[in-house]
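What follows is calculated from the coordinates using simple rules that are stated; it is not laboratory data. A quick note: this is a predicted structure, and the numbers were derived from the prediction, not measured. Glycine also receives a Cβ, built like all others from the backbone with ideal geometry; neighbour counts cover every protein chain displayed.
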Amino acid sequence: MIEPALALLEFTSIAAGMQSGDAMVKRAEVDLLRAGTVQPGRYLVLIGGPVGEVEEALAAGLETAPDALKDHVYLPGVHPEVVRGLSAGRESFVGDALGVVETTTVPAAIHAADAGVKGAQVTILEIRLADGLGGKGLVLFAGLVSDVEAAVEIALDNISPETLVRQVVIPQLHPEMAANLIGTTRFGPRAGWTAE
């Protein structure tokens, strides 16, 4: 479990990310540490645990290599649907609208997902991060049109405009498109091949 707090740092340098991740877990005892490379040559460090410990670890990470820090997010009281989404959990499409928030960074996508699901009655259909997206983040909200519109608006209010690639709300998503979203948003498996 990542409750009650989560922080994620995205570095443009792999070496700097490793150094910062090490500094973070040396400074505070966190419950969760996941770190590794993502496309295009960036390094992510995800931590979770009690608020005080996550704040301390985050401070260490921010101090270690600020010149290589691309973006970061800190979420005390992270929503459980975000935790599920980060664990590669998926929901079946529910509702009559789809909201899409596409970001330039992973932290921005996580922040958008958390803000949107906390502020409106929507389901997070998927959170996709970095790999297979050229380093971008993608959040899919499902629900009633008005709720999805609210979630997308709230998400945008909580991220920097520089991190937004595009957002859309698609009312009454066609059943064939909805069926494509249920299993995976990746094209390869749908076309009959898999990545190796």
Net charge, Ile154 excluded, C-beta distance under 13 Å - Lys, Arg +1, Asp, Glu -1: -4
Counted charge near Ala68, where neighbours are those whose Cβ lies closer than 13 Å (Asp, Glu -1; Lys, Arg +1): -2
Relative compactness, region 80-185, computed as alpha-carbon Rg over 2.2 N^0.38 Å: 0.94
Equivalent-ellipsoid semi-axes of region 50-92, from the Cα gyration tensor, Å, largest first: 26, 14, 7
Taking only Cα atoms of the chain, radius of gyration then Dmax in Å: 16.7, 50
Cβ-based net charge around Val165, under 10 Å, with every Lys or Arg adding one and every Asp or Glu removing one: +1
GNM top mover of Leu44, Leu33, Leu140 - the chain, alpha-carbon springs below 10 Å: Leu33
Selected from Thr103, Thr37, Thr123 as most flexible by GNM, with the chain as the system and alpha-carbon contacts under 10 Å: Thr37
Simple spin-label estimate for Ala88 and Val145 in nanometres, 7 Å along Cα-Cβ: 3.7
Selected from Lys118, Lys26, Lys70 as most flexible by GNM, with the chain as the system and alpha-carbon contacts under 10 Å: Lys26
Principal axis box of region 33-134, alpha-carbon based, largest edge first, Å: 46, 31, 18
